[in-house]
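J.: Pasting a structure below so you can have a look.
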Amino acid sequence: MKKISLIHKKIIVLFVLVFSLQSLGWGALGHRTVGLLAEANLTPKARNSVKYLLDKETLAGVANWADSLRSGTTYRQTLPYHYEKVPANSNYLLNLKNLGMDERAKGGVVQALIIARDTLRNYKTTYREKVDALKFLVHFVGDIHQPLHTGRENDKGGNDVPVNWFNNQVNLHKVWDSSMIYSAHKDFLKDNQDVETQSYIYARYLVKVLDHRFRFQRSDFDQWITESLYIRESGVYDKMYEQNQLAYQNKMIQVIDSRILLSGMRLADVLNQIFEGAQIPQAEISFRRQIEQIVGNLYQFISLRP
């Protein structure tokens, strides 16, 4: 009996590890920073609505909640919602058409974002459903902006690409999740700081250094994943990460910083639209229709409920 129990434990640990590797996006620092940036750009009405739903919590405080669920069983169906599996030389809709029925039924981050937004807009959904939807939305907006959360499936979004990152044995996914942020910004992100302090420092840095370069324009989920796919295929897999890590870092940290800043600004914009009662833009309605023409009604297989 002890032997069987030990085997079961090993299987459970392996199962959790496999999914946790695919579920992480930006790491705790990046997601908290997205939440902080969003909070700073909410309208008064949206801020009050967020406060009503989260009570004493904040967007930054709940930003990693969706990742914390990967070790449990209550929200097990949401694990595939953190990413997409788009191969090279493809796009989101084309890949969706090519997926088998079983893969389609698992869902992905684009569809989960749509359902989270629907849940928050729908006056018929319960308070508890809206709270969960908000927490998922905060996290998934960050995930979709991380280029390696779009695939490639053959290497699990870089998880199967080992990298000796400045003498630390990690993988390409983790380099983009967190390792590069810390190594590139080690002048102000210190080991003796907790992640809450680091996220405040990082958010201030992004606003000070990058904010003036952006002219914010409203966009939709289609554009977000298209951008991430473009970034992924235009340099993320450059072997420079092995040959000249400093050069790779100097080039790519600007991309990471800008994606996190955009995540925060875009999250705020989505929440402002939701809680101000703004109409969903026609481009987003059209994008959803194209998705449902391929997979059917999203509510048949996407669920944010426990």
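J.: Just to be sure I understand, how many residues within the stretch 166-181 are surrounded by fewer than 21 Cβ atoms within 10 Å (Cβ to Cβ), not in a helix (DSSP H, G or I) and not β-branched (V, I, T)?
T.: Looking only at that region, the number is 4.
J.: May I pose another question? Of all residues in the stretch 58-81, count the ones that are assigned to a loop (DSSP other than H, G, I, E, B) and surrounded by fewer than 16 Cβ atoms within 10 Å (Cβ to Cβ). It would help to see each step written out before you state the result.
T.: Of all residues in the stretch 58-81, those assigned to a loop (DSSP other than H, G, I, E, B) come to 58, 63-64, 72-75.
Checking which are surrounded by fewer than 16 Cβ atoms within 10 Å (Cβ to Cβ) leaves us with 72-74.
Summing the residues that are assigned to a loop (DSSP other than H, G, I, E, B) and surrounded by fewer than 16 Cβ atoms within 10 Å (Cβ to Cβ) in the stretch 58-81 gives 3.
J.: Quick one: in the stretch 133-159, which of the residues that are in a loop (DSSP other than H, G, I, E, B) and in contact with a strand residue (DSSP E or B) (Cβ under 7 Å, 6 or more places away or on another chain) is surrounded by the fewest Cβ atoms within 10 Å (Cβ to Cβ)? Working first, answer last.
T.: Here is the first cut: in the stretch 133-159, the residues in a loop (DSSP other than H, G, I, E, B) are 145-148, 150, 152, 156-159.
Going one step further and asking which of them are in contact with a strand residue (DSSP E or B) (Cβ under 7 Å, 6 or more places away or on another chain), we end up with 157-159.
Numbers: G157: 30, G158: 24, N159: 17.
Going through the qualifying residues, I end up with N159.
J.: For the stretch 86-132, name all the residues that are closer than 19 Å to Q279 by Cβ, of a type outside the set (S, T, Y) and not in a loop (DSSP other than H, G, I, E, B).
T.: If the condition is that a residue be closer than 19 Å to Q279 by Cβ, of a type outside the set (S, T, Y) and not in a loop (DSSP other than H, G, I, E, B), then L113, I114, I115, A116, R117, D118, L120, R121 are the ones that fit.
J.: Residue check: is G151 out of contact with any helix residue (DSSP H, G or I) (no Cβ under 7 Å at 6 or more places or on another chain), in contact (Cβ under 8 Å) with a residue 40 or more places away in the chain and under 20 Å from I225 (Cα atoms)?
T.: yes
J.: Select, from S199, S179, the only residue that is among the small types (G, A, S) and without any contact (Cβ under 8 Å) to a residue 40 or more places away in the chain.
T.: S179
J.: Right, here's the next one. Kindly list the number of the only condition in (1) within 19 Å of the chain's Cα centre (by Cα); (2) modelled with pLDDT of 95 or more; (3) not hydrophobic (A, V, I, L, M, F, W, C) that fails for D102.
T.: Only one criterion in (1) within 19 Å of the chain's Cα centre (by Cα); (2) modelled with pLDDT of 95 or more; (3) not hydrophobic (A, V, I, L, M, F, W, C) is unmet by D102, namely (1).
J.: Just to check your reading of the model, which residue among I274, I294, I260 is in contact with a helix residue (DSSP H, G or I) (Cβ under 6 Å, 6 or more places away or on another chain), modelled with pLDDT of 95 or more, surrounded by fewer than 16 Cβ atoms within 10 Å (Cβ to Cβ) and under 30 Å from T74 (Cα atoms)?
T.: Residue meeting the stated conditions: I294.
J.: Right, here's the next one. List the helices (runs of 4 or more DSSP H) inside the stretch 183-290, counting only whole elements, that have at least 2 residues being within 24 Å of L96 (Cβ to Cβ).
T.: In the stretch 183-290, the matching helices (runs of 4 or more DSSP H) lie at 221-231, 245-276.
J.: Working only within the stretch 41-57, note down all residues that are of a type in the set (V, I, T) and part of a helix (DSSP H, G or I).
T.: Answer for the stretch 41-57, where residues must be of a type in the set (V, I, T) and part of a helix (DSSP H, G or I): just V50.
J.: Of L246, L298, L304, L271, which residue is closer than 30 Å to Y182 by Cα and in contact (Cβ under 8 Å) with a residue 60 or more places away in the chain? Break it down stepwise before answering.
T.: Numbers: L246 fails: in contact (Cβ under 8 Å) with a residue 60 or more places away in the chain; L298 fails: closer than 30 Å to Y182 by Cα; L304 fails: closer than 30 Å to Y182 by Cα.
Of L246, L298, L304, L271, the one residue that is closer than 30 Å to Y182 by Cα and in contact (Cβ under 8 Å) with a residue 60 or more places away in the chain is L271.
J.: I'd like the residue in the stretch 186-196 that is touching a residue at least 12 places away in the same chain (Cβ under 8 Å) and over 21 Å from the mean Cα position of the chain (by Cα) and, out of all such residues, is farthest from A28 (Cα to Cα).
T.: Out of the qualifying residues, it is F188.
The values are calculated or read from the model by the stated rules, or taken from the named source; none is laboratory data. Fair warning: this is a prediction, and the values are worked out from it, not measured in the lab. Because the Cβ atoms are built from the backbone with ideal geometry, glycine has one as well, and the counts that use them run over all protein chains shown.
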